[in-house]
1. What FRET efficiency do you get for Val153 and Ala84 if R0 is 25 Å and r is their Cβ-Cβ distance, rounded to the nearest 0.05?
2. Can you check what the net charge comes to around Arg169, using other residues whose Cβ is under 15 Å from the Cβ of Arg169 (Lys, Arg +1; Asp, Glu -1)?
3. Run down the lysines and flag those whose C-alpha is under 24 Å from the C-alpha of Lys9, throwing out any fewer than 8 positions away in its chain.
4. For the stretch 149-195 and the stretch 71-109, what is the separation of their C-alpha centers, rounded to whole Å?
5. Only bridges with both residues in the stretch 94-198 count here: give the DSSP antiparallel percent, nearest 5.
6. So for the stretch 95-203, if I pair up every lysine 8 or more residues apart or on another chain, how many of those pairs have alpha-carbons under 22 Å apart?
7. If we count every other residue with Cβ under 12 angstrom of Thr101's Cβ, Lys/Arg +1 and Asp/Glu -1, where does the sum land?
8. Roughly what % of DSSP beta bridges within the stretch 5-92 run antiparallel, to the nearest 5?
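Each value in this text was obtained by applying a stated rule to the coordinates, not by laboratory testing. These figures come from a predicted structure and were not determined experimentally. Here the Cβ positions follow ideal geometry from the backbone for every residue, glycine too, while neighbour counts run over all protein chains shown.
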Amino acid sequence: MPAYKIEFKRGDTALFCLDLLYPTRDLHSREVEDALRTEVARFQKDCDTDILASAWYVPNENDEELLPLPDGSQHILFRRSDGALLLWKDYIGDTQDTKETEDYFYVVEACKTLKGITPEKAWLSISLLFKRPMSALQLYAHSVSVGKEWVDVGQEIHIYAFLGEKANRISWRKIKDTDGKYVWLDYFPQRRAFVRDGFVIESLAPDV
C-alpha cells in the first residue's frame with residue numbers, strides 16, 4: 001500500500017479530523033478507503049468524539065486535493081454514539097443511480113443541503129464518464145441527452161464530463177473545453193434550459 005502521512009487534530013466542531021496525506025495520485029480509490037478504515041479503527045480507541053476521516057493528494061506545500069472513494073464520497077465518518085462507520089454519502093443521505101452505454105457511463109446523485117442548513121435545497125449531480133476522447137460538440141450533445149432523461153424530476157441538474165477508469169474514481173479527470181474551462185452544464189427548471197457559463201446550450205422552453 002502506498003505510503004502516506006497522518007494528521008489527527010480537533011476540528012472546528014466537536015469532532016476530530018483524521019487526514020491521510022498522499023504524495024501521489026497513482027492510487028486506487030479502494031485502497032484509499034481501506035487505509036481510511038484501518039486508521040479510523042486505530043484512532044477511535046483513544047478518541048472521545050466523532051472522527052471525520054479524509055484522504056488528500058498533497059504534491060507540495062501549496063496544493064492539496066481531496067481523493068474520492070469508490071462511491072464518490074470524500075470522507076468517512078466514525079460516529080461515536082453508536083460506533084457506526086459511515087461513508088459520507090450514506091451519512092448525509094445522498095442516493096445514486098447509474099447507467100452505461102457504448103459511449104459513456106454515468107452516475108446520478110440526488111443531493112441535498114445538510115440538516116439544519118437553510119434554505120433547504122435539493123439538486124441532481126451527474127458525473128458523465130466518457131469511454132474515449134470526443135469533440136466538444138459531442139461532449140455537450142451527450143451531456144444534454146443525459147440531462148433530458150432527468151428534467152422531469154423538476155430540480156436543478158449539474159452535469160460534469162470526465163475521462164478515466166470506471167472502477168477507480170481517483171483516475172477520473174474533468175475534461176477541459178478549448179477555452180480552458182471544464183466541460184459542464186447546468187439545467188435550471190425555471191428557465192427549462194441547459195446553460196454553461198451563462199450561455200444557453202439548449203432550451204427546452206416552447207417557442208413563443
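1. Values: r = 30 Å, r/R0 = 1.19.
E between Val153 and Ala84, to the nearest 0.05, is 0.25.
2. Values: positive: Arg25, Arg30, Lys89, Lys166, Arg173, Lys174; negative: Asp26, Glu31, Glu33, Asp34, Glu65, Asp71, Asp94, Glu109, Glu165.
Residues close to Arg169 contribute a combined charge of -3.
3. Within the straight-line limit of under 24 Å, Lys9 reaches these lysines: Lys45, Lys89.
4. Cα centroid to Cα centroid, the span is 18 Å.
5. Working: 25 of 33 bridges.
Looking only at bridges with both residues in the stretch 94-198, the antiparallel portion is about 75 percent.
6. 16
7. Working: positive: Lys99, Lys131; negative: Glu100, Glu102, Asp103, Glu149.
With Lys, Arg at +1 and Asp, Glu at -1, the neighbours total -2.
8. Numbers: 16 of 24 bridges.
Percentage antiparallel, nearest 5: 65.
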